[in-house]
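The block underneath contains the structure these notes are about, expressed in structure tokens.
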Amino acid sequence: MTEQVEIFEMGPRDGLQNEKRLIPTADKIALVDLLSQAGFAHIEVTSFVPPAWVPQMADAAQVMAGITRRAGTRYAVLTPNLRGYQAARAAGADMVAVFASASEGFSRANLNASVDEALARLAPVAAQALADGVALRGYVSVVTDCPFDGPTPPSAVARVAAALRDMGCDQISLGDTIGQGRPETIDAMLTAVLDELPPEQLAGHYHDTAGRALANVDASLARGLRVFDAAVGGLGGCPYAPGAAGNVATEALARHLTAKGFSHGLDMEIITRAADLARALREAPHA
Ligand code: HMG
Ligand code: MG
């Protein structure tokens with residue numbers, strides 16, 4: 001039997017959050033609905049963050065209310081604090097994701113807090129998710145390189161990943177936020193993180209800014225990781241990380257995994273249609 005790798009779809013959140021044009025809510029819902037039909041186990045749909053920080057996600061509640069849920073898909077949302085968590089719960093999120101940075105510079109820019117202040121802010125979110133029985137995912141950003149502080153020490157990534165694990169995150173996604181990681185730096189980072197967590201509890205979240213995301217996936221597959229985040233059509237970036245480009249494209253990752261002999265269980269015909277829709281949303285003329 002071929003070994004299974006999960007592709008965790010990020011396009012509607014990590015992809016669209018960076019688009020300057022305000023994409024109509026109905027188009028976001030149409031994208032999520034198409035992705036649901038493709039058979040993902042998880043789709044990150046939106047984020048409950050202040051609209052002043054990420055205007056594109058201001059319609060989070062409407063998007064969550066409008067999607068058609070497929071049995072077998074869990075719908076995740078990103079939240080920065082307890083207020084976001086409560087809104088995510090009210091919207092019926094199956095999974096909540098929290099995020100922290102491995103570097104001080106990116107933590108300040110993205111979360112307006114030091115790394116330890118940000119972790120302290122997440123602790124009550126995690127405690128509430130545990131009490132409510134809601135699945136909790138954690139992200140560590142800038143795992144190899146930070147746009148403000150330069151190379152990230154692997155030990156800093158391991159420390160933040162362990163802190164998120166200790167709070168109760170079921171899975172920790174390791175983000176090469178600005179896509180500057182190389183197989184060697186990803187491997188060095190994983191060596192430190194794998195001292196703290198088993199590969200089954202980790203995901204790779206690689207942006208493709210420098211065209212190395214698939215090589216970084218390969219380095220991570222070799223260390224036992226079997227979950228990778230991707231965005232259909234290669235959408236994305238992070239508004240608070242200068243130079244960040246899209247996540248690795250779901251369709252490219254799926255083809256790459258198939259060529260390597262892994263199965264991912266996705267319907268490639270629908271993925272192709274979703275990638276076309278994602279690109280059309282990005283290229284649509286400004287309203
Ligand atoms: P702050 O400005 O220090 O927070 O931001 P605050 O508590 O002072 O709140 C400011 C205002 O927002 C207040 O309103 C709050 O009530 C309101 P005002 O009094 O000014 O009228 N507010 C909220 N509104 C709606 N929803 C909420 C919420 N919370 C407060 N949840 C904060 C601190 C953490 C909130 C902010 O820095 C933040 O949200 N940052 C997130 C920015 C973001 O979304 N970045 C992109 C996602 S991360 C990413 O892409 C990386 C990832 O993909 C992995 C990788 O690639 O590395 C995950
Ligand atoms: Mg990202």
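Quick look at the values:
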read-out: The range 168-239 - charge dipole about Cα centre, Lys and Arg +1 at Cβ, Asp and Glu -1, debye rounded to 20; value: 180
read-out: Trypsin sites (Lys or Arg not before Pro) restricted to the range 1-57 and DSSP loop, no more than 14 other C-beta within 10 Å; value: 20, 21
read-out: Volume per residue that the Cα convex hull of the chain spans, once the total is divided by residue count, Å³; value: 115
read-out: Scattering curve values for the range 11-68, log₁₀ I(q)/I(0), Debye with Cα scatterers, q = 0.23 Å⁻¹; value: -0.87
read-out: Amide H partners (placed H, <5 Å) of residue 47, local residues excluded; value: 78
read-out: Between the range 142-215 and the range 230-277, the alpha-carbon center distance in angstrom; value: 19
read-out: Within the chain, helix-based [θ] at 222 nm, where runs of 4 or more DSSP H residues each add -39,500 (n - 2.57), nearest 500; value: -12500 deg cm²/dmol
read-out: Solution diffusion estimate, µm²/s, Stokes-Einstein, the range 73-225, Kirkwood Rh from C-alpha pairs, 10 °C, viscosity 1.306 mPa s; value: 103
read-out: Kyte-Doolittle mean at least -1.0, axial Cα span of 18 Å or more - DSSP H helices of the chain; value: 25-38, 115-132, 154-167, 268-283
read-out: Over the chain, relative contact order from alpha-carbon pairs under 8 Å, at least 6 apart, %; value: 22
read-out: From the C-alpha gyration tensor of the range 91-153, square roots of 5λ in Å; value: 25, 12, 9
read-out: Cα-based equivalent ellipsoid of the range 1-152: semi-axis lengths in Å, sorted from largest, via gyration tensor; value: 25, 18, 17
read-out: Per residue value of the accessible surface for the chain (all protein chains in place, 1.4 Å probe), Å²; value: 38
read-out: Projected area, mean over directions - the range 202-277, Cα convex hull, nm²; value: 5.4
read-out: Hull-based mean projected area of the range 147-287, where the convex hull spans the alpha carbons, in square nanometres; value: 9.6
read-out: The range 45-194 - percent of accessible surface contributed by carbon and sulfur, probe 1.4 Å; value: 54
read-out: Estimated inter-spin distance, residue 259 and residue 27, nm [label 7 Å along Cα→Cβ]; value: 3.1
read-out: Residue-count net charge about residue 129 - beta-carbon cut-off 11 Å; Lys, Arg +1, Asp, Glu -1; value: 0
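The values are calculated or read from the model by the stated rules, or taken from the named source; none is laboratory data. All of these numbers come straight from a predicted model, not from anything done at the bench. Reconstructed Cβ throughout: ideal geometry from the backbone, glycine too, with neighbour counts over all protein chains shown. Note: areas computed on protein heavy atoms with side chains; ligands, DNA, RNA excluded. Shrake-Rupley method; radii C 1.70, N 1.55, O 1.52, S 1.80 Å.
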